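Worksheet: the structure to be examined is printed underneath.
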Amino acid sequence: KPLRLLGKEKEFLMFLLKNRLFEFTPIEISRQLNVTNKTVINRCARLASNGFLVPNIVIERIRSYTVSKFAKENDKAIISALS
């Protein structure tokens with residue numbers, strides 16, 4: 001099915017794949033991108049619902065995210081499709 005990602009979400013996914021940030025917390029990414037933690041969380045939620053990220057849940061709260069196996073295995077194809 002076609003990607004249903006917004007421009008900023010595509011940029012965010014490309015940033016993660018290009019920098020090989022396969023496991024991260026939203027706060028560390030928000031500092032790197034100079035955006036709010038909430039912005040990163042919202043983008044992560046959309047990428048997770050599209051199968052690109054997997055939330056790591058600790059006691060009912062999402063603490064970090066991992067790039068999905070699919071996205072890792074197809075990172076070059078995804079980057080070229082989004083470029």
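Bear in mind these aren't lab numbers, they're just calculated from the coordinates by the rules spelled out. Because the structure is a prediction, the values reported are computed rather than measured. When we count neighbours, we look across all protein chains shown, and the Cβ atoms used for this are built from the backbone with ideal geometry, even at glycine.
Assorted remarks:
- Residues that are assigned to a loop (DSSP other than H, G, I, E, B) and more than 16 Å from Glu11 (Cα to Cα) were ranked within the range 52-73; the one that is nearest to the chain's Cα centre (by Cα) is Ser68.
- Residues of the range 60-83 classified as touching a residue at least 60 places away in the same chain (Cβ under 8 Å) and surrounded by 15 or more Cβ atoms within 10 Å (Cβ to Cβ), total: 2
- Pairing residues of the range 1-30 that are closer than 10 Å to Arg43 by Cβ with residues that are surrounded by 17 or more Cβ atoms within 10 Å (Cβ to Cβ) and not hydrophobic (A, V, I, L, M, F, W, C), at Cβ distances under 7 Å and at least 6 apart in sequence or on separate chains, gives Leu5/Arg46; Lys8/Arg43; Glu9/Arg43; Glu9/Arg46; Phe12/Arg43.
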